[in-house]
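The values are calculated or read from the model by the stated rules, or taken from the named source; none is laboratory data. For clarity, every value in this text was computed on a predicted model and none was experimentally measured. Here Cβ is always computed from backbone atoms with ideal geometry, including for glycine, and neighbour counts include all displayed protein chains. Accessible surface is based on the protein model in full, side chains and every heavy atom, while ligands, DNA and RNA are left aside. Shrake-Rupley method; radii C 1.70, N 1.55, O 1.52, S 1.80 Å.
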Amino acid sequence: MGHLDHAAFGLLTPVLSYLMAVIGAALGLRCTVRALSATGRSRRNWLITAASAIGTGIWTMHFVAMLGFAVRGTDIRYNVPLTILSLVVAVLVVGAGVFCVGYGRNRTAALLIGGLATGLGVASMHYLGMAALRLHGTVHYDPLLVALSVAIAVVAATAALWAALNIRSAIAVAFASLVMGAAVSSMHYTGMLAVGVDVAPAEGSLPGATAMQFIFPLAVGLGSYLFVTSAFVALSPTAGEHAAYTSAQQAEPIAHTATGTSTDPSTSTARTTPTTPTATA
């Protein structure tokens, strides 16, 4: 069995991957909170943004961590279509869970179904990403650790959606994001502990792209998307701020009309009458 190294670059990849998970979770939670206070098309758009943020954040976390993954005795390549499919699956399945919470009438049922769907989406992304690995040898898994990693993903997703439904303050959302980031990272490394590789030396070149050729540029691009979207969400007015602004705009013409009626001299009817002096005998 080949020796597996999960941190070939030291603490760099675990710390960066955790940071990506936290940013994606924070952005997704804030968007979900915004969605729950919005209606119509605005709610739908916020939920789409939440799904893309959580999905891309988790995917970026996984593959940033995979940059530090190495197996002694073999190179590693990645199947590009499967890797992209893992990203699409993450966003779509997480989106199903987020929309379930956003539009569910029964909060408890929506939370449980949404948490299950989102957690399975996270696990599906992880193991699809692992299926994209190409190396000289065979990859096998410990079933118990795989089951544990899926359970962690479902619990973490359910907790995150509960936070979105029940937490409103920015400080609480930030704390929940730190917890969710830790849970997602725990799920990833639990899944990686389930991995074993039987190396089979071979002289032929491996198909696929190296991590630096494909994974690194894509991770940088998605990380940039998360940072830009975070700035957009931070600068966007909340539903309360938008309602206050609309009320102020509607009240302004009324105030001007009232002021104009009381000060316009053309509306005054008062006239001064000159007095005539009275002659005395």
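What does the net charge come to around T229 if you take all other residues with beta carbon closer than 13 Å to its beta carbon, with K and R at +1 and D and E at -1? Don't skip to the answer; put the middle values down first.
Numbers: positive: R30, R34; negative: none.
Around T229, the surrounding residues sum to +2.
Do any trypsin sites (Lys or Arg not before Pro) in the stretch 1-85 lie in a DSSP loop with no more than 15 other beta carbon atoms within 10 Å, and if so, which? Display every interim value, and only then the final one.
Details: sites: R30, R34, R41, R43, R44, R72, R77; in loops: R72.
Counting only loop positions with at most 15 other Cβ atoms within 10 Å, the trypsin sites (Lys or Arg not before Pro) in the stretch 1-85 are R72.
Considering only DSSP states other than H, G, I, E and B, which trypsin sites (Lys or Arg not before Pro) in the stretch 105-181 qualify as loop sites with at most 13 other Cβ atoms within 10 Å?
Numbers: sites: R105, R107, R134, R168; in loops: R105, R168.
Passing sites in the stretch 105-181 are R105, R168.
Per residue, how many Å² of accessible area does the stretch 170-241 show with a 1.4 Å probe? Numbers along the way, then the final one.
Working: 3760 Å² over 72 residues.
Ligands and nucleic acids excluded, the figure is 52 Å² per residue.
When the chain is fully extended, how far beyond the present Cα-Cα distance does H140 get from R105, taking 0.36 nm per residue of separation? Mind dumping the intermediate values first?
Details: separation 35, 0.36 × 35 = 12.60 nm, distance 4.22 nm.
Between H140 and R105, full extension yields an extra 8.4 nm.
Taking the Cα-to-Cβ direction at D5 and at Q213 and moving 7 Å from each Cα, how far apart do the two end points lie in nm?
Once both label points are built, they end up 2.1 nm from each other.
Looking at the P(r) of the stretch 100-243, how many percent of alpha-carbon pairs lie beyond 17 Å?
On the way: 7464 of 10296 pairs.
Across the stretch 100-243, Cα pairs with separations above 17 Å total 72 percent.
Mark the label point 7 Å from the Cα of S37 along Cα→Cβ and return the residues of the stretch 163-181 whose backbone N is within less than 18 Å of it.
In the stretch 163-181, the label zone of S37 (backbone N under 18 Å from the point 7 Å along Cα→Cβ) covers 163-177.
Could you look at the stretch 1-86 and say what percent of its accessible area is carbon and sulfur, using a 1.4 Å probe and all protein chains?
Carbon plus sulfur share of accessible area: 63 percent.
With the crude spin-label approximation of a point 7 Å out along Cα→Cβ, what separation in nm comes out for I84 versus I167?
Label-label distance for I84 and I167, simple model: 3.5 nm.
Fully extended, how many nm does the chain gain between L92 and Y225 (0.36 nm per residue separation, minus their Cα-Cα distance)?
Values: separation 133, 0.36 × 133 = 47.88 nm, distance 1.73 nm.
Contour length minus the Cα-Cα distance gives 46.1 nm.
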